[in-house]
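The values are calculated or read from the model by the stated rules, or taken from the named source; none is laboratory data. Computed from a predicted model, the values in this text were never measured in an experiment. Note: ideal-geometry Cβ built from the backbone for every residue, glycine included; neighbour counts use all protein chains shown. Areas reflect the complete protein model, heavy atoms only, side chains present, ligands, DNA and RNA absent. Shrake-Rupley method; radii C 1.70, N 1.55, O 1.52, S 1.80 Å.
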Amino acid sequence: MCEVLAPAGNEQSFYAAVHSGADAVYLGLTDFSARRSAKNFSLENLKSYLDYAHILGVKVYVALNTLVKNEELGRFFSCAVGAWNAGADALIIQDIFLGAALKKKYSEIILHLSTQAGVCNEYGAKLAKRYGFERVILARETPLESIRKITSIIETEVFVQGAMCTCFSGQCRFSAVAGGNSGNRGLCKQPCRKKYKIDRYGYEELSYKLSLSDLCLGQDLQKLIAAGVSSFKIEGRMRSAAYVGAAVSYYKNLLSEKSCGSDFSELKRSYNRGNYTRGYLYGQDKTLIFDKIQGHTGEQIGEVASVCKDGKVFIRSKYVPCEGDGFKILRKGVEVGGTTWSANCKSEKGGFYLPRGKFQVGDTVCLTLDTAFADKVSKRRKKIKLLLDYTLKEGEKAEVRVHGPFGERVFFSEFVVENANSCAFSEKDIESCFCKTDTKPFEIVFGKHIVGENIFVVRSALNAFRRDVFDEIYKMLVPRREQISDTEEMPFSIPFEKGISRSEKQNKIVVIDDDFSKSCYKGQRFSIAVYAPHDYRNAESVKKFLADSKDLADKKYLYLPAYVTDEDLKAVNNLLDLFDGIYADGVFALEYCREKGKPLFGGLGMNVFNYADVAALKEEGVNDYAVSWELSARENEPFGQVYRFSGGSMKIMELGHCPFGRNCKTCDKRKSYSLTDEGGRVFPLFRYENSVCRFEVFNSALLVTEKTGQDLFDFRLLTDDQIIAYLTKSGKELKQSISNYTSGLTQTGVR
């Protein structure tokens, strides 16, 4: 049976997951969690939750799935050791290089590679396995045929339920540029859930054009099982305990063939954005984009039948509401309001009343908060059955014999049973005491017993004995974990030249573009020209690039984004021999270039954030790489002489889907579009082709910084005059010649 893996962003969700039947739970700490806005858990209280789950047979995976800065490395390793010593069954890591360093230092620790690492092809899986990871959590964009291939290489975990990120995992910097809140650091402010318009016919009106429906793969479980998937993951560390309970029940019942209609109904009521999509399992699903409502849609349960004179509206529905139930009102699929039901509103045959709002007859009514179900989830209990025999005889110590998963244990009290002077203790009194298990998940069944005819026990002493018995049993059921010691020594050396003065730095320039025939490039000379094709399948365009860049650069590299499927690689394979190397944003390229014998330039999308990342790249023989532009200039300084993103087009999102619904027959197939937000900011939307069309979103302003000596420029969306300005002017002069610019995160970095 495949594992059903549930989220826990707080204590209530944790218990909902455990008691609803989850096989495993994943949760985050207050540090290094990709959901820093959740309540999360601390190292101080983590063990108590892990112990509770473990005695009920539930595994717990601890997420340390953010990018880590140099000054945080010591704390990261301490958190990892602390979580492991507390009993974590695995640690979920985003930074594959940091995970490899952690495994090198502590071989006992079991690692799962986060979906933030973007594994969606066989090469990413091979790299994860080589680096010591035991499981990969696949990118949501991974198609079924690739899932089959990857599961033959390494154990896989696949998202089956919950929110879908608009951007390919690990590559979103939209929130970071908007206010310094990095999604890669657990602080995403979800700009993708805002309203936008696109300069294409039929897309000019503001709506939630980047927002995706929630994923639901309930009907595809058997295909995923046949593909070899080990774990079905439910997204939702920011969602309610009722949602967690509903999702776990839905998938557990599907797997055990006990599913009924109410399971799906309860799931929709708990959280449902867009009435669900099957995502990318078979290519882009037609229901993927949901531009009508930003959040929870709920389940349709009726419609507005009449607007009454007393200030209420009557809802025609079979649903019988409870105090506190929440409702959302839709008109032609668009939200027009919401309200809460109370007993004052009343209900009657054929429906119920809601407080009056801006509602019209015929409006759709959706249930978004089912309080009865939420209460039902909160009362669920999973328990361990214990058979208890007891003997209480006058003049002897009380004896309790407990039978359970551990076999049999016998306990004797400190006190001696006395002779009763008045009211004697009965079996009922004793069993009433031992039925109380406090917070421990025990169900007591009484077996054989011997009780004297006229005995007496001090109740407080009996209660203390009961607590001692159950405490001891609880400890027996908790698995033992061999402790490992945290040491300050890092499992890598710092492979940088320090103290290099600016005059000693080599002036190396790397340029990314899709057209090197521009007049502005004449007479220029670069270290590397990186070609980002508009169509990877067009060999003629590649030959043109090679001709255009013949005298332009020492080396010609092919650009590879982070989102590259096995199908995409077929076209890439045909181009390899024409290039000196690969510039790649995805870590999969390490294994790909290793197999193909091609030099690699580690791109911005590899999220090089700390010493461990660079040490790993150096060990792989990668000498050319760029550090993340989410780091400030001050945070960059310790890296010494490495490439830095010095200016040009800032790619802030790599989309896994077509924002036009992949309606290819009616597509105008322009190279670029404009994505405009409610504030009037314009973000270039760039299209290119591989196995299918792909899209990238760039920042509304160009990046302008001072040159560093080893500079990386992305000129894909710049004019000739702008490119000349970047190549010939200082940062100060450049700012005077380019009106719409930003210094990016050079001053502040990300939080």
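Hey, of (1) 54, 35, 21; (2) 48, 38, 27; (3) 48, 30, 24, which did the structure itself give for semi-axes √(5λ) of the Cα gyration tensor in Å when calculated?
Answer label, from the structure shown: (1).
For region 131-139, in order, what is each residue's ³J(HN,Hα) by Karplus, 6.51 cos²θ - 1.76 cosθ + 1.60 with θ = phi - 60°, in whole Hz (x at glycine and Pro)?
3J(HN,Hα) across region 131-139, in whole Hz: 8, x, 6, 9, 8, 10, 9, 5, 4.
With charges set only on the Cβ (+1 for Lys and Arg, -1 for Asp and Glu), what does the dipole of region 312-463 come to about its Cα centre, in debye to the nearest 20?
Once rounded to the nearest 20, the dipole reads 1400 debye.
With 19 Å as the limit, write out which pairs from LYS555/LYS651; LYS508/LYS556; LYS189/LYS268 have Cα-Cα distances beyond it, or answer none.
Table pairs above 19 Å Cα-Cα are LYS555/LYS651; LYS189/LYS268.
What figure in square angstrom, to the nearest 10, would you give for the accessible area of ARG35 with a 1.4 Å probe?
Spelled out: ARG35, probe radius 1.4 Å, area about 80 Å².
How much length would be gained if the chain were fully extended between LEU578 and GLU72, taking 0.36 nm per residue of separation minus their Cα-Cα distance, in nm to one decimal?
Gain in length upon complete extension: 178.0 nm.
When the helices in the chain are scored as -39500 (n - 2.57) per DSSP H run of 4 or longer and the sum is shared across all residues, what 222 nm value do you end up with, to the nearest 500 deg cm²/dmol?
It lands at -7500 deg cm²/dmol.
Tell me the chymotrypsin sites (Phe, Trp or Tyr not before Pro) within region 1-98 that lie in a loop according to DSSP and have at most 11 other beta-carbon atoms within 10 Å.
none
Take the solvent-accessible surface of the protein heavy atoms, probe 1.4 Å, and return the percent of it on the chain that carbon and sulfur atoms account for.
Answer for the chain is 47 percent, counting heavy atoms of protein chains only.
Counting DSSP beta bridges in the chain, what percent are antiparallel, to the nearest 5?
Antiparallel: roughly 50 percent of the beta bridges in the chain.
Taking R0 as 35 Å, what's the FRET efficiency between SER672 and ARG331 from their Cβ-Cβ distance, rounded to 0.05?
So the FRET efficiency works out to roughly 0.50.
Can you list residues from other chains, or at least 5 along the same chain, whose modelled amide H is less than 5 Å from the amide H of ASP535?
The answer is GLU689.
Which number gives the lysine pairs in region 33-151 that have C-alpha atoms under 17 Å apart and are eight or more places apart or on different chains?
Going through region 33-151 pair by pair, I get 8.
Given ASN275, VAL511, PRO599, which one lies farthest toward the positive end of the charge dipole of the chain, if we put +1 on the Cβ of every Lys and Arg and -1 on the Cβ of every Asp and Glu?
Towards the positive end, the residue furthest out is ASN275.
Which parts of region 643-680 would a label at GLU689 reach, counting a residue when its backbone N lies under 18 Å from a point 7 Å out along Cα-to-Cβ?
Flagged as within label range: 657-673.
Protein chains only, probe 1.4 Å: how do ASP535, ASP721 rank by accessible area, largest first?
Of ASP535, ASP721, the descending order of accessible area is ASP721, ASP535.
Give the aspartates and glutamates whose C-alpha is closer than 20 Å to that of LYS309, dropping any in the same chain fewer than 8 places away, or say none.
Within the straight-line limit of under 20 Å, LYS309 reaches these aspartates and glutamates: GLU348, ASP363.
On a C-alpha basis, how far is the centre of region 314-346 from the centre of region 393-441 in Å? Whole number, if you could?
52 Å
Between the DSSP loop rule and a limit of at most 11 other Cβ atoms within 10 Å, which trypsin sites (Lys or Arg not before Pro) in region 540-611 are left?
LYS550
Of all chymotrypsin sites (Phe, Trp or Tyr not before Pro) in region 684-751, which ones are in loop regions per DSSP and have a Cβ with at most 16 other Cβ atoms within 10 Å?
none
Given the whole protein assembly as supplied and a 1.4 Å probe, what does the accessible area of CYS520 come to in Å², nearest 10?
10 Å²
How much length would be gained if the chain were fully extended between VAL445 and GLU134, taking 0.36 nm per residue of separation minus their Cα-Cα distance, in nm to one decimal?
Computed gain between VAL445 and GLU134 is 107.9 nm.
From the phi angles alone, apply the Karplus equation (6.51, -1.76, 1.60; θ = phi - 60°) to region 670-681 and give each ³J(HN,Hα) in whole Hz, x where the residue is Gly or Pro.
6, 6, 8, 9, 10, 9, 10, 8, 5, x, x, 6
If DNA, RNA and ligands are ignored and the probe is 1.4 Å, what is the ranking of ASP51, ASP375 by accessible area, most exposed first?
ASP375, ASP51
When the dipole is taken about the Cα centre of region 112-178, and only Lys, Arg (+1) and Asp, Glu (-1) are charged at their Cβ, what size is it in debye, to the nearest 20?
140 debye
Projecting each Cα onto the charge dipole of the chain (Lys/Arg +1, Asp/Glu -1 at the beta carbon, about the Cα centre), which of GLN483, LEU369, PRO659 comes out farthest on the positive side?
PRO659
If you stretched the chain out fully between GLN641 and CYS308, how much longer would it get, using 0.36 nm times the residue separation minus the C-alpha to C-alpha distance?
Length gained between GLN641 and CYS308: 112.5 nm.
For the chain, with only Lys/Arg (+1) and Asp/Glu (-1) charged at the beta-carbon, what is the dipole magnitude about the Cα centre, in debye rounded to 20?
In total the dipole reaches around 1860 debye.
Please compute the per residue accessible area over region 306-388 with all protein chains in place, 1.4 Å probe, rounded to a whole number of Å².
With all protein chains present, region 306-388 gives 57 Å² per residue.
With all protein chains present and a 1.4 Å probe, how do ILE110, ILE494 order by accessible area, largest first?
I get ILE494, ILE110, largest accessible area first.
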